[in-house]
Amino acid sequence: MRRGVRSDSPGVVEATRESRQEASTETDRQAAWWQDAVVYVVYVRSFADSDGDGIGDLDGVRSRLGYLELLGVDALWLTPFYVSPMADGGYDVADPRAVDPVFGDLDTFDALVRDAHAHGMRVIIDLVPNHTSDQHEWFVQACAAGAAGPERDRYIFRSGSGPDGQQPPNNWVSAFGGPAWSKISDGSAGEASQWYLHLFSPEQPDLNWNNSEVREDFARTMRFWLDRGVDGFRIDVAHGMAKPAALENMDPRAAESADTSAYFDPRFDNDGVHDIHRHIRAVLDDYPGRMAIGEVWTFDEDRFSRYLAPDELQQAFNFLLSQAPFDSDAIQEAIYRTLDAAGRAGRLPAWTLASHDLSRQVTRYGGGAAGDRRARAMALVQLALPGAVYLYNGEELGLPDVDLPPGVLADPMTRTRTDARGRDRARVPIPWEGTEPPYEFSAAEQAWLPMPADWSDRTVAAQLEDPDSVLSLYRSAIELRRTVLDSTDGTLEWSTAPAGCLAFRRSGGLVCVLNASGAPVPLPEGEVLLASAAVTDGTLPTDAAAWIR
Ligand code: NOJ
């Protein structure tokens with residue numbers, strides 16, 4: 001019953017004994033705090049601006065910790081705030097152990113960690129091991145050095161193919177479109193003029209993880225931030241650091257498929273990556289209670305579970321749920337496979353419906369009133385699941401994607417892929433209060449991305465006092481999840497449900513029902529603890545979910 005699991009086929013999925021044991025005592029539970037945490041993803045540039053330059057910053061985050069505590073989240077994940085030329089929103093890091101002045105400085109960072117801890121929230125930060133910025137001193141040195149120089153060995157430089165080396169070394173394409181190789185302009189001709197690999201933009205050269213300096217430097221970066229008190233790391237492109245020695249050609253079809261398991265794709269998920277994760281874990285193990293979650297884009301359950309081996313990552317995103325359309329069979333299959341993939345390693349999943357890389361769920365599920373209803377319903381589904389939940393800032397306000405004029409786009413993807421709308425549409429700043437942009441996000445007249453004129457009913461202030469708002473739904477669900485569910489018990493039992501619906505039961509007796517059928521359905525017997533839409537006479541409207549006990 002791996003694929004195509006149907007909503008009328010009852011089944012039981014259980015976490016293994018290991019994950020139950022992990023949480024068997026309060027002390028263990030504290031130590032493994034991440035396994036059932038609700039984590040709030042702060043896209044720092046878009047969360048709150050403290051100094052009026054139109055760009056969110058660390059002091060801005062600090063000023064809004066009270067809000068996050070009210071929301072009830074256990075931890076924050078901060079997107080990269082390191083020194084960067086911002087060719088890819090900070091995922092092009094020029095100095096991984098310093099704060100970019102646009103976001104603050106090390107003192108601001110320390111104050112943020114201290115205050116977050118005082119508010120009872122942990123702090124996870126984003127590390128980028130696969131590549132650096134082309135402005136990183138190592139890359140500058142590599143370009144200045146000769147082709148045989150050891151400076152080049154920290155990156156992946158190769159001679160070109162074809163007559164005079166004028167073609168890239170292989171056919172790999174970048175995740176943002178276009179070739180994954182660029183030629184450096186070092187004045188040398190022919191064979192001597194080398195190409196460097198960049199799986200993302202040309203401003204993000206890939207590091208060579210076979211080079212011992214690269215490994216040592218990453219460990220140094222981890223210790224630098226762990227010593228400053230961070231509770232964990234989100235590892236960017238955690239399936240990408242190892243490259244096969246032969247750098248053989250990829251199947252070009254893999255480029256157009258987010259499912260990296262479907263076609264031969266030697267760019268990602270090479271076996272050698274596990275050795276790198278063991279290296280990362282060995283550093284973390286010196287700091288009990290700290291964790292790492294990896295961004296792992298592989299949809300093969302076995303290959304995914306390898307990242308969660310006892311000496312590798314504690315958590316990994318597998319994105320199946322975020323890829324599923326609003327269809328009960330597709331959602332059930334995504335849940336089943338996600339539980340299975342983590343369960344094969346004896347762990348609980350990390351769920352997510354949204355991120356700064358994905359279209360927002362309101363838009364993805366159809367937009368307009370239907371999109372609003374469905375996103376509310378899916379919030380109740382994800383928060384009822386066993387494991388951790390990562391919420392992307394703004395989803396708790398029901399924000400949709402924003403259609404932005406081409407002139408303001410900053411996402412490098414929109415430079416290389418003219419067909420792509422890019423990711424800025426999901427990165428528009430958070431509306432806090434007021435009736436017009438920038439809704440107290442910033443004292444500047446304009447935020448770094450323009451904010452829609454019709455968001456006054458989606459601001460935090462407008463939603464806080466409204467018991468029917470999306471924000472109130474998230475707050476109630478997060479609170480109930482803590483009190484009603486034993487969320488470290490991974491048991492999920494599928495219940496029989498009408499066509500187009502799904503229902504599952506959790507420990508603690510909570511039943512979550514989702515109605516995607518297009519018509520109202522009767523709810524099972526029980527007390528309705530929470531619903532994403534009004535339940536009358538025991539009937540759940542379409543595009544809605546309810547928690548019953
Ligand atoms: C994944 C990050 O989430 C994304 O924003 C970034 O562009 C790529 N990794 C490259 O670092």
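What follows draws every value from the coordinates through simple rules; no lab data is involved. Fair warning: this is a prediction, and the values are worked out from it, not measured in the lab. Using ideal geometry, Cβ is built from the backbone for each residue, glycine included, and neighbour counts are taken over all protein chains shown.
For the chain, the relative contact order comes to 17 percent (Cα pairs under 8 Å, sequence separation of at least 6). Packing, as the average of other Cβ atoms within 10 Å across residues, places the peptides 177-183, 36-42 in the order 36-42, 177-183, highest first. Its Cα centre serving as origin, the chain has a Cβ charge dipole (Lys and Arg +1, Asp and Glu -1) of approximately 1120 debye.
When peptides 321-327, 230-236 are sorted by average Cβ neighbour count within 10 Å, with the highest value leading, the order is 230-236, 321-327. Close amide H partners of residue 233, meaning residues 5 or more places away or on another chain with modelled amide H under 5 Å apart, are 125, 291, 292, 293. Note on segment 137-197: the alpha carbon radius of gyration divided by the globular reference 2.2 N^0.38 Å gives 1.08. The residues 293, 124, when put in order of fewest to most other Cβ atoms within 10 Å, stand as 293, 124.
Peptides 437-445, 379-387, 457-465 ordered by packing proxy, namely the average of other Cβ atoms within 10 Å per residue, highest first: 379-387, 437-445, 457-465. What you get for segment 137-197, charging only the Cβ of Lys and Arg (+1) and of Asp and Glu (-1), is a dipole of about 140 debye around the Cα centre. Principal-axis analysis of the Cα atoms of the chain puts helix 212-227 at an angle of about 40° to the longest axis.
Sorted ascending by nearby beta carbons within 10 Å, beginning with the fewest, 433, 151, 256 become 256, 433, 151. Computed from phi, the 3J(HN,Hα) profile of segment 444-458 under the Karplus parametrisation 6.51, -1.76, 1.60 (θ = phi - 60°) reads 5, 5, 10, 7, 4, 10, x, 9, x, 6, 10, 9, 5, 8, 9 Hz, with x in place of Gly and Pro.
How far, in degrees from 0 to 90, does helix 328-343 lean away from the longest principal axis of the Cα atoms of the chain, to the nearest 10? Helix 328-343 sits roughly 60 degrees off the main axis of the chain.
Seen against the Cα atoms of the chain and their longest principal axis, helix 106-118 is set at about 20 degrees. Taken over the Cα atoms of the chain, the convex hull encloses 141 Å³ per residue.
Taking the Cα of residue 323, stepping 7 Å toward and past its beta carbon, and measuring to each backbone N in segment 349-368: which are under 16 Å? Counting only backbone N, you get 350-355, 357-359. By the count of neighbouring beta-carbon atoms within 10 Å, fewest first, 425, 481 end up ordered 425, 481.
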